[in-house]
Amino acid sequence: MEWNDAYLDHMYYTVNYKMCLLRDVQRLEWLDNFSCGQKQVILDIGCGTGYFSYFAAKRGHTVYSMDAEAPIGKDIFFEGQKALGLSMYWHTIQPFLPLLELPQPPTLAVAFSPHFYNPSNENFWREPEWRFFLKDLANRMDPGGTLYFHLNQVQSRPDFGPFGTPETRDLFLQIGTVDRNYICSIKSNAVRKLA
């Protein structure tokens, strides 16, 4: 793979790439422990720099990388995704609108610090938006699949953190586990059972 010097310079001065790489190394260690040598079909929602997608694919997993259609102010991410040769799916996640179709059902959907639910915005997602999104995603996944979200704490709301409302927090607790760092692990079958 050829790296464009201008891209690397821009990456160095615009994004704390060392922090991004260290964070993705931790995520890849989690993936190795989670997969136990079994190859996964991964949907990387809001793939950002694309490092996780790239190295997960290098480990032999099938990876579909998804990011916003028009990454506003994130041209550096677009250049990185292009340079890494990712299998990109451009899709802006919107409330109450379905996700796009993928070639095969993911066994694992990950979202690391996503921004699509506007956690610090007055139009942030509440329980109904999350319920629709999670059910739509689970219905597109392998029946035994796992949703693994690390909710964005940077853009938390002061009352209920990245959940925003107690109803949203209760929804996540009803269908999966949530640790103190707002890492949520959910089985797709549990989401499918939601009303």
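What the table shows:
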| item | result |
| --- | --- |
| Candidates Arg59, Arg126, Arg131, filtered to the one that is within 21 Å of Phe163 (Cβ to Cβ) and surrounded by fewer than 17 Cβ atoms within 10 Å (Cβ to Cβ) | Arg126 |
| Extreme residue, surrounded by the most Cβ atoms within 10 Å (Cβ to Cβ), among residues of the stretch 94-123 that are of a type in the set (S, T, N, Q) and out of contact with any Asp or Glu (no Cβ under 7 Å at 6 or more places or on another chain) | Ser113 |
| From the options Asn189, Asn152, residue that is surrounded by 13 or more Cβ atoms within 10 Å (Cβ to Cβ), touching a residue at least 12 places away in the same chain (Cβ under 8 Å) and within 19 Å of Trp30 (Cβ to Cβ) | Asn152 |
| Some residue of the stretch 131-138 being over 24 Å from Leu28 (Cα atoms), of a type outside the set (Lys, Arg), under 14 Å from the mean Cα position of the chain (by Cα) and not in a loop (DSSP other than H, G, I, E, B) | yes |
| The one condition in (1) assigned to a loop (DSSP other than H, G, I, E, B); (2) touching a residue at least 40 places away in the same chain (Cβ under 8 Å) that Leu97 fails to fulfil | (2) |
| Among the residues listed as Pro105, Pro162, Pro143, Pro158, the single one being over 21 Å from Trp30 (Cβ atoms) and at pLDDT below 90 | Pro158 |
| Residues satisfying the stated conditions in the stretch 39-55, i.e. farther than 22 Å from Tyr117 by Cβ, at pLDDT 95 or above and either touching a Cys at 6+ places or on another chain (Cβ under 8 Å) or crowded, with 20+ Cβ neighbours inside 10 Å (or both) | Gln40 |
| Verdict on Asn123 being modelled with pLDDT under 95 and of a type in the set (S, T, N, Q) | yes |
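The values are calculated or read from the model by the stated rules, or taken from the named source; none is laboratory data. For clarity, every value in this text was computed on a predicted model and none was experimentally measured. Reconstructed Cβ throughout: ideal geometry from the backbone, glycine too, with neighbour counts over all protein chains shown.
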